[in-house]
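Below you'll find the structure, written out as structure tokens, and then a few comments.
Every read-out reported here was derived from the displayed coordinates using simple, explicitly stated rules and does not represent laboratory data. Keep in mind it's a predicted model, so treat the numbers as computed, not measured. Note that we place each Cβ from the backbone using ideal geometry, even for glycine, and neighbour counts take in every protein chain shown.
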């Protein structure tokens, strides 16, 4: 009699653990993703391209934009960058992706970083004065800002993220 109660208890525990793991596993894609209930108004957003010329996001209003802040020394940045590159290929001209290096501009080091990771479709940008880090109140790298067609921040990703996730692609598709 005692053995059967123990077996039932252990079976119940195992089933509970299985279901909890299943629920948590299905939500892990979004643990770093925050979608704002009310998009945030952005003031002027400017940074530099590879040649240190000004880039103004206002010129691309009407398109979905992704600002990804990273650094060459950042291991999670290195890990997620290939999936960001593939996302760029997936959406082509529908979404503009700006990977913005948060280090002092160093063309050679940054180009080597992209080359080593076999990044093919992304261009290189810099925030040499760290103005955007302050503007977006970033606490760490990588950080990604999602901007809608109206130029408003509709979401944010804090930490490493798999940009190839189908649920994430559906969120972006719904904004196009």
q = 0.11, 0.15, 0.17 Å⁻¹, the range 32-175: log10 I(q)/I(0) [Debye, one scatterer per Cα]: -0.36, -0.70, -0.93
Simple spin-label estimate for residue 169 and residue 37 in nanometres, 7 Å along Cα-Cβ: 3.1 nm
Contact order relative to length of the range 43-176, as percent, for alpha carbon pairs under 8 angstrom and 6 or more apart: 34 percent
Ranked 149, 31, criterion: other C-beta atoms within 10 Å, fewest first: 31, 149
The range 41-121 shape via C-alpha gyration tensor axes, a/c threshold 1.5: oblate
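State, as an integer percentage, the relative contact order of the range 52-97 based on alpha-carbon contacts under 8 Å between residues 6 or more apart.
52 percent
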Extension reserve of the residue 121-residue 83 stretch, reckoned as 0.36 nm per residue once the Cα distance is removed: 12.6 nm
Fewest-first ranking of 143, 110, using other Cβ atoms within 10 Å as the exposure measure: 110, 143
Ranked 121, 43, 83, 88, criterion: other C-beta atoms within 10 Å, fewest first: 43, 121, 83, 88
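Sort the range 76-157 into rounded, prolate or oblate with this rule: let a ≥ b ≥ c be the square roots of the eigenvalues of the Cα gyration tensor; rounded if a/c is under 1.5, and if a/c is not under 1.5, prolate when a/b is larger than b/c, oblate otherwise.
Judged from the Cα gyration tensor, the range 76-157 comes out oblate (a/c at least 1.5, b/c at or above a/b).
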